[in-house]
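Scroll down for the structure; my scribbles are underneath it.
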Amino acid sequence: MAIGVTLQKLWNAWNIRGLILLSLSIQIILAFAAPLRRQTSKTFTVVLIWSTYLLADWAAIYVFGIISNTVRSSSVTPSEVNQGVLALWASFLLIHMGGPDTITAYSLEDNALWLRHLTALVVKLCVFGYIFMKSFPGNDLVAPTVLVLVTGVIKYGERTRALFLASLDSLKGSVGRRKFDKLPEKFELQDNYFFERFVGMIVDIMPSYSELTESREFFIKQEASAALKLISGELNLMYEILYTKIIAAYSTWGVFSRCTFLINMVAALVLFCLSKKDKIEGVDVKITYGLLVGAFLVDVSRRRMVIKSDWAHMSSENFGTCLILLDGVYLLFDILPFFVTEIFLNCCLRIKDKSWSETIASFNLLEYCFQKHCPKKNSNGVAQCSDSIIQKVGLAEKLDKMKYVTRNEFNKDLWKFIFETIKTRPSILDDEVKAREVYESRGGLVLRENGCDELMHYVKDFEFDRELLTWHIATGICYGIGPNGNNEKREFSKILSNYMMYLLIQQPKMMSPIAGIGHSRYSDTRNQINKIVADSGAEKLVDFCTKVLEDLTKAEPAHEKDSGSKSVMLDACVLAQTLEKNSKKWEVILGVWVEMLSYTASHCRADAHARALSGGGELVSHVWLLMAHLGIGPHRPKEEE
């Protein structure tokens, strides 16, 4: 009983104090961690940003509600916070709900909720008016409260405006209006810059015929590394438009907001220092100072965005002098947190400054089945029981993604091969019919060029998901048998094969327009592989791959027993057997995978590419934009110009 009374007293004394410090802590973490979204796909970082983003608004709104309930009571006990301080803290919560500049939306759908935030701002102002009026008489903190309130309204309004400008409907109406006078150094490859012409692709506005002509003429002359640098920069700018305050921040309104913040917060700090504090608890004074300093820490994330953002460099032509002066002031507050952040990123998380994660995800179906269902593992009763429990609670797929999906460093030589392959293909500018053939090809062009007519069946007569699964398993079998042929192309083939399987299974939204019944076919194929693994008795994947080909004719009747199965295992084994006889095996396999990657990139919905930007970016999105720059894919008819 005594413990319950003690806990109740502790809650009464620290519920508001503790929660407002929690709200401030969440804002600081979110401000400095949010930029990592575009640079990494590490589970810890993703979960950290996702959880803090969800908690940020909840914490601020919850504290706001507790404060409004507290001020209704006419009796004030010594343990409660002074009502003048409560009004001041409530104004800080509006700043918190405005959020840092480095993140406004976690997903594309959040941008569409701008009207909800606008309504919330109006409601919170009404509630704040009630809290403020209840603080009279005896409120000695009126001046700093009003200054912080004005800052909070501006920040919350700026966030709402940023969400509105980044919503897909708004972007459709604004694409092409903004012109850039000054380009970041990395974009100055020549006097060409195509971002303003191709940014409309994220809202399905295709570039014109003349824009494609200029773009292709430029890109066709570039080295693979230069093209990658430009495309990565453009995708990064798209990320900033969709998920940060960058458009709103680097405008007349944004510069006004930054000036107002600095002036108001410095004035509020001075006025609070000079105000009477004899009626205020000492701990509340310290918390208020913490909120003032914390507001600066959150806002200096602006300066980090200035340093990392290409958009900021392009906007400095219009607001150059003002931005330079403001950034000089921010530097005074930013020196310590900036260096702490850099040390944390580079030493602890080992994340360098880059436009995207520069990794390629990998998921190999054969390795997954072999590692998870091999006889040696199944003999462990504890493991079986654990797997059964995980399956029942519905966590199997999520845990499998964490355990069996890996990310490998992006291979620049692989990009060079992809770039050179796509660059040599005809575009709509050269021949509309041939360009359409390239756009729709899923491996047929490579097979025809290499005289592999016997393999055309596995491309032309198969739905895309069936083709992908079949070639993935066949590639895995050929790879597992042994290193023969061109070793580099062998490795590239495995990388792309595993990456495409990752997209099919782990990124269903990205593959939904072309995946067909991919998950059903994948499930049947996986079950069949599990049975074959159990029956083979192989202890190594190499032995399993060899045995599958050796026992192909014996395995065929077993495959045909279940006529309702959508498994592609038999097709894959026959394909692998045929490929093994081909002297240009890896050249053919790699060419097919590049075509399937290109097909996926150009047929994937634009909003799926936009979503991928917030999770570290994807290779397929780079290929999507590359194809657009080279004039391979949809475009506006010439007569519409």
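Identify the residue in the range 268-294 that is in contact (Cβ under 8 Å) with a residue 40 or more places away in the chain and either among the acidic types (Asp, Glu) or touching a Ser or Thr at 6+ places or on another chain (Cβ under 6 Å) (or both) and, among all such residues, is farthest from residue 149 (Cα to Cα).
Checked the range 268-294; the qualifying residue farthest from residue 149 (Cα to Cα) is 281.
Could you tell me which of the residues 98, 65 is of a type in the set (Gly, Ala, Ser), buried (at least 24 other Cβ atoms within 10 Å of the Cβ) and under 35 Å from the mean Cα position of the chain (by Cα)? So that I can check it myself, show each step before the final result.
Numbers: 65 fails: buried (at least 24 other Cβ atoms within 10 Å of the Cβ).
Of 98, 65, the one residue that is of a type in the set (Gly, Ala, Ser), buried (at least 24 other Cβ atoms within 10 Å of the Cβ) and under 35 Å from the mean Cα position of the chain (by Cα) is 98.
In the list 574, 588, 594, which residue meets the criterion of being within 30 Å of residue 234 (Cα to Cα), of a type in the set (Val, Ile, Thr) and in a helix (DSSP H, G or I)?
Working: 574 fails: within 30 Å of residue 234 (Cα to Cα); 588 fails: within 30 Å of residue 234 (Cα to Cα).
Among 574, 588, 594, only 594 is within 30 Å of residue 234 (Cα to Cα), of a type in the set (Val, Ile, Thr) and in a helix (DSSP H, G or I).
Among the residues of the range 466-504 satisfying the criterion of being modelled with pLDDT of 90 or more and among the β-branched types (Val, Ile, Thr), which is farthest from the chain's Cα centre (by Cα)?
Step one: list which residues in the range 466-504 are modelled with pLDDT of 90 or more, which gives 466-479, 488-504.
Those still in the list that are among the β-branched types (Val, Ile, Thr) too: 470, 473, 475, 477, 495.
Values: 470: 29, 473: 29, 475: 29, 477: 33, 495: 21 Å.
For the range 466-504, the residue satisfying everything is 477.
For the range 79-112, give me each residue that is among the β-branched types (Val, Ile, Thr) and assigned to a loop (DSSP other than H, G, I, E, B).
Here is the first cut: in the range 79-112, the residues among the β-branched types (Val, Ile, Thr) are 81, 85, 95, 102-104.
Matches in the range 79-112: 81, 102, 103, 104.
Being of a type in the set (Asp, Glu), at negative phi, over 26 Å from the mean Cα position of the chain (by Cα) and at pLDDT below 60 narrows it down to one of 334, 278, so name that one.
Numbers: 278 fails: at pLDDT below 60.
Residue meeting the stated conditions: 334.
Does residue 255 count as closer than 16 Å to residue 151 by Cα, surrounded by 17 or more Cβ atoms within 10 Å (Cβ to Cβ) and in the same structural domain as residue 15 (by TED's automatic domain parsing)?
Working: closer than 16 Å to residue 151 by Cα: yes; surrounded by 17 or more Cβ atoms within 10 Å (Cβ to Cβ): yes; in the same structural domain as residue 15 (by TED's automatic domain parsing): yes.
Answer is yes for this residue.
Results for (1) surrounded by fewer than 22 Cβ atoms within 10 Å (Cβ to Cβ); (2) outside the structural domain of residue 621 (by TED's automatic domain parsing); (3) under 13 Å from residue 565 (Cβ atoms); (4) out of contact with any strand residue (DSSP E or B) (no Cβ under 8 Å at 6 or more places or on another chain), shown as yes or no for each residue.
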{"residue": "500", "(1), (2), (3), (4)": "no, no, no, yes"}
{"residue": "511", "(1), (2), (3), (4)": "no, no, no, yes"}
{"residue": "522", "(1), (2), (3), (4)": "no, no, yes, yes"}
{"residue": "526", "(1), (2), (3), (4)": "yes, no, yes, yes"}
{"residue": "531", "(1), (2), (3), (4)": "yes, no, yes, yes"}
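Taking the range 472-493 as the region of interest, how many residues are in a helix (DSSP H, G or I) and either hydrophobic (A, V, I, L, M, F, W, C) or over 17 Å from residue 540 (Cβ atoms) (or both)?
Within the range 472-493, the subset in a helix (DSSP H, G or I) is 472-481, 487-493.
Going one step further and asking which of them are either hydrophobic (A, V, I, L, M, F, W, C) or over 17 Å from residue 540 (Cβ atoms) (or both), we end up with 472-475, 477-478, 481, 487-493.
Number satisfying all stated conditions: 14.
Taking the options 115, 147, 125, 121, name whichever one is part of a helix (DSSP H, G or I), buried (at least 21 other Cβ atoms within 10 Å of the Cβ) and not β-branched (Val, Ile, Thr).
Numbers: 115 fails: buried (at least 21 other Cβ atoms within 10 Å of the Cβ); 125 fails: buried (at least 21 other Cβ atoms within 10 Å of the Cβ); 121 fails: buried (at least 21 other Cβ atoms within 10 Å of the Cβ).
That would be 147, the only listed residue that is part of a helix (DSSP H, G or I), buried (at least 21 other Cβ atoms within 10 Å of the Cβ) and not β-branched (Val, Ile, Thr).
Quick one: residue 462 ticks every box in (1) touching a helix residue (DSSP H, G or I) at 6+ places or on another chain (Cβ under 8 Å); (2) within 21 Å of residue 414 (Cα to Cα); (3) of a type outside the set (S, T, N, Q) except a single one, so which number is it?
(2)
Taking the range 495-528, which residues are part of a helix (DSSP H, G or I) and free of Cβ contacts under 8 Å to residues at least 60 places away in the same chain?
504, 508, 518, 519, 520, 521, 523, 524, 527, 528, listed by residue number.
Which one of 82, 139 is out of contact with any helix residue (DSSP H, G or I) (no Cβ under 6 Å at 6 or more places or on another chain) and either surrounded by 24 or more Cβ atoms within 10 Å (Cβ to Cβ) or among the polar types (S, T, N, Q) (or both)?
Details: 139 fails: out of contact with any helix residue (DSSP H, G or I) (no Cβ under 6 Å at 6 or more places or on another chain).
Answer to the selection: 82.
Got a number for residues in the range 583-610 being under 30 Å from residue 33 (Cα atoms) and touching a Lys or Arg at 6+ places or on another chain (Cβ under 7 Å)?
Looking only at the range 583-610, we keep the residues that are under 30 Å from residue 33 (Cα atoms), and these are 601, 604-610.
With the extra rule that they be touching a Lys or Arg at 6+ places or on another chain (Cβ under 7 Å), the set shrinks to 608.
Final tally of qualifying residues: 1.
Which condition from (1) in contact with a helix residue (DSSP H, G or I) (Cβ under 8 Å, 6 or more places away or on another chain); (2) modelled with pLDDT of 90 or more; (3) among the charged types (D, E, K, R) is the one that residue 286 breaks?
Of (1) in contact with a helix residue (DSSP H, G or I) (Cβ under 8 Å, 6 or more places away or on another chain); (2) modelled with pLDDT of 90 or more; (3) among the charged types (D, E, K, R), only one is false for residue 286: (1).
The values are calculated or read from the model by the stated rules, or taken from the named source; none is laboratory data. Remember, predicted model here, so these are calculated numbers, not experimental data. FYI the Cβ positions are ideal-geometry reconstructions off the backbone, even for glycines, and counts take in every protein chain you see.
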